[in-house]
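So the structure is just underneath, and the comments pick up after that.
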Amino acid sequence: MSRFTSVEARIDEVAHKILAKLPDSGPWRPALEFIVFGLKQAWACLFGGLFLGVVLASAFIWPSNSTFARYDFLALTAVAIQLLMLAAKLEKPSEAVVILIFHVVGTLMELFKTKHGSWTYPEASVLRIGQVPLFSGFMYAAVGSYLARVTRIFDFQFENYPPVWLTAALAILVYVNFFSHHYVYDVRYFLFAATFALFFRTSVHYRVFRHRHRMNLLLGFALVALFIWIAENIGSWSKIWLYPNQMYGWTLVSLEKFGSWYLLMIISFVLVNLVHKPKPLT
């Protein structure tokens, strides 16, 4: 089965015809690989990038006297983006399943966290469960969408990937700790150590254009977590949600949240691998 949709396959074919005319040596090679890497990353971020763009645009142009809630608009827009991506064959149905799973997992966490005052959604809306507007689950879904898409677009292959049952056990412990640390000791440092022990030998091999490259998987987790932390700062700056210390003026999101996103990568990666089984290095 092709790792591309039919539309993506045509785009890939055209891109290869253009890129194949460029030299495979000299100063062109690293520049070419870097440009193609960036374009593929942007394609992998398609859902998240579009959704974040709508979030930012709404912060600037949403009328203050509107009778239609901005949060409801964001929820309906996220659904529309998904339907359009599927209809245009820019996304595989399996990735839509990943997005649904992440939406459910994320919404459950949101219900718990908002109840305990970890953050708040200051605007009113109709499409919500308790204190949680339904669009919020799509922010987690954007992470799942990216990981599912980047896995196949770059044709990930893994070296020294740990047993799946161990990764699942670690993911469950991480998820439980997001809830339990409100009542008992926060074991995140134990989880960081367990993550290192489990994945420190694991490398991901990925194809950009002509050549395969290699990266330690822990470094990959950290880079993705960093970009999510940056996106989180953009989201809170637009007042989509607010942390307690941002109620009277925006401040940078704590670096502690970077650690939380790093641990969330474990949950995200394991969930994605339920759809895209990790391919061993060949």
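Taking the range 156-203 as the region of interest, how many residues are among the aliphatic types (A, V, I, L, M) and in contact (Cβ under 8 Å) with a residue 40 or more places away in the chain?
Result for the range 156-203: 6.
For (1) out of contact with any strand residue (DSSP E or B) (no Cβ under 6 Å at 6 or more places or on another chain); (2) surrounded by fewer than 19 Cβ atoms within 10 Å (Cβ to Cβ); (3) hydroxyl-bearing (Ser, Thr, Tyr); (4) over 20 Å from Gly49 (Cα atoms), each residue gets a yes or a no:
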position: Ala168; (1), (2), (3), (4): yes, yes, no, yes
position: Phe190; (1), (2), (3), (4): yes, yes, no, yes
position: Met215; (1), (2), (3), (4): no, yes, no, yes
position: Phe221; (1), (2), (3), (4): yes, no, no, no
position: Gln246; (1), (2), (3), (4): yes, yes, no, yes
position: Leu264; (1), (2), (3), (4): yes, no, no, no
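Any chance the range 143-151 includes a residue that's out of contact with any strand residue (DSSP E or B) (no Cβ under 8 Å at 6 or more places or on another chain) and either farther than 19 Å from Trp261 by Cβ or surrounded by fewer than 19 Cβ atoms within 10 Å (Cβ to Cβ) (or both)?
No, the range 143-151 contains no residue that is out of contact with any strand residue (DSSP E or B) (no Cβ under 8 Å at 6 or more places or on another chain) and either farther than 19 Å from Trp261 by Cβ or surrounded by fewer than 19 Cβ atoms within 10 Å (Cβ to Cβ) (or both).
Kindly check whether there is at least one residue in the range 177-185 that is farther than 13 Å from Tyr262 by Cα, surrounded by 16 or more Cβ atoms within 10 Å (Cβ to Cβ) and aliphatic (A, V, I, L, M).
Taking every residue of the range 177-185 in turn, none turns out to be farther than 13 Å from Tyr262 by Cα, surrounded by 16 or more Cβ atoms within 10 Å (Cβ to Cβ) and aliphatic (A, V, I, L, M).
Quick check on the range 46-59. Is at least one of its residues farther than 28 Å from Thr5 by Cβ and in a helix (DSSP H, G or I)?
Yes, that holds for at least one residue.
Give the range 248-275 a look and list any residue that's within 25 Å of Tyr71 (Cα to Cα), touching a residue at least 12 places away in the same chain (Cβ under 8 Å) and outside any helix (DSSP H, G or I), or say none.
Trp250, Leu252, Val253
Yes or no: the range 186-205 includes at least one residue that is over 26 Å from Phe34 (Cβ atoms) and either in contact with a Lys or Arg (Cβ under 8 Å, 6 or more places away or on another chain) or among the hydroxyl-bearing types (Ser, Thr, Tyr) (or both).
Scanning the range 186-205, I find at least one residue that is over 26 Å from Phe34 (Cβ atoms) and either in contact with a Lys or Arg (Cβ under 8 Å, 6 or more places away or on another chain) or among the hydroxyl-bearing types (Ser, Thr, Tyr) (or both), so the answer is yes.
Just to be sure I understand, how many residues within the range 210-262 are on the phi > 0 side of the Ramachandran plot and either aliphatic (A, V, I, L, M) or touching an Asp or Glu at 6+ places or on another chain (Cβ under 9 Å) (or both)?
The qualifying residues number 1.
Being of a type in the set (S, T, N, Q) and in a loop (DSSP other than H, G, I, E, B) is the filter here, so list the residues in the range 120-129 that pass it.
Residue satisfying the conditions is Ser125 alone.
Hey, Val208 hits all of (1) under 21 Å from the mean Cα position of the chain (by Cα); (2) among the β-branched types (Val, Ile, Thr); (3) at pLDDT 90 or above but one; which does it fall short on?
Just one mismatch for Val208, condition (3).
Hey, any hits in the range 118-137 for a residue that's under 28 Å from Arg214 (Cβ atoms) and crowded, with 18+ Cβ neighbours inside 10 Å?
no
Here are some residues: Ser118, Ser180, Ser136. Which one is polar (S, T, N, Q) and under 20 Å from the mean Cα position of the chain (by Cα)?
Ser136
Here are Leu108, Leu86, Leu100, Leu76: which of them is modelled with pLDDT of 95 or more, in a helix (DSSP H, G or I) and not small (Gly, Ala, Ser)?
Exactly one residue qualifies, and that residue is Leu76.
In the range 84-117, what residues are over 18 Å from Leu274 (Cβ atoms), among the charged types (D, E, K, R) and buried (at least 17 other Cβ atoms within 10 Å of the Cβ)?
Result: Glu110, Lys113.
Can you spot a residue in the range 196-209 that is surrounded by fewer than 14 Cβ atoms within 10 Å (Cβ to Cβ) and either β-branched (Val, Ile, Thr) or assigned to a helix (DSSP H, G or I) (or both)?
There is at least one residue in the range 196-209 that is surrounded by fewer than 14 Cβ atoms within 10 Å (Cβ to Cβ) and either β-branched (Val, Ile, Thr) or assigned to a helix (DSSP H, G or I) (or both).
Within the range 130-151, can you find the residues that are assigned to a helix (DSSP H, G or I), under 19 Å from Trp229 (Cα atoms) and not aliphatic (A, V, I, L, M)?
Ser136, Gly137, Phe138, Tyr140, Gly144, Ser145, Tyr146, listed by residue number.
Please state which of the following conditions Val174 fails to meet, knowing it meets all the rest: (1) part of a helix (DSSP H, G or I); (2) farther than 30 Å from Met247 by Cα; (3) of a type in the set (A, V, I, L, M).
With respect to (1) part of a helix (DSSP H, G or I); (2) farther than 30 Å from Met247 by Cα; (3) of a type in the set (A, V, I, L, M), Val174 is out only on (2).
Is there a residue being closer than 30 Å to Phe60 by Cα and of a type in the set (Lys, Arg) anywhere in the range 217-239?
Yes, because at least one residue in the range 217-239 is closer than 30 Å to Phe60 by Cα and of a type in the set (Lys, Arg).
The values are calculated or read from the model by the stated rules, or taken from the named source; none is laboratory data. Note that the structure is predicted; figures quoted are calculated from it, not measured. No Cβ is skipped: glycine too gets one built from the backbone with ideal geometry, and neighbour counts run over all protein chains shown.
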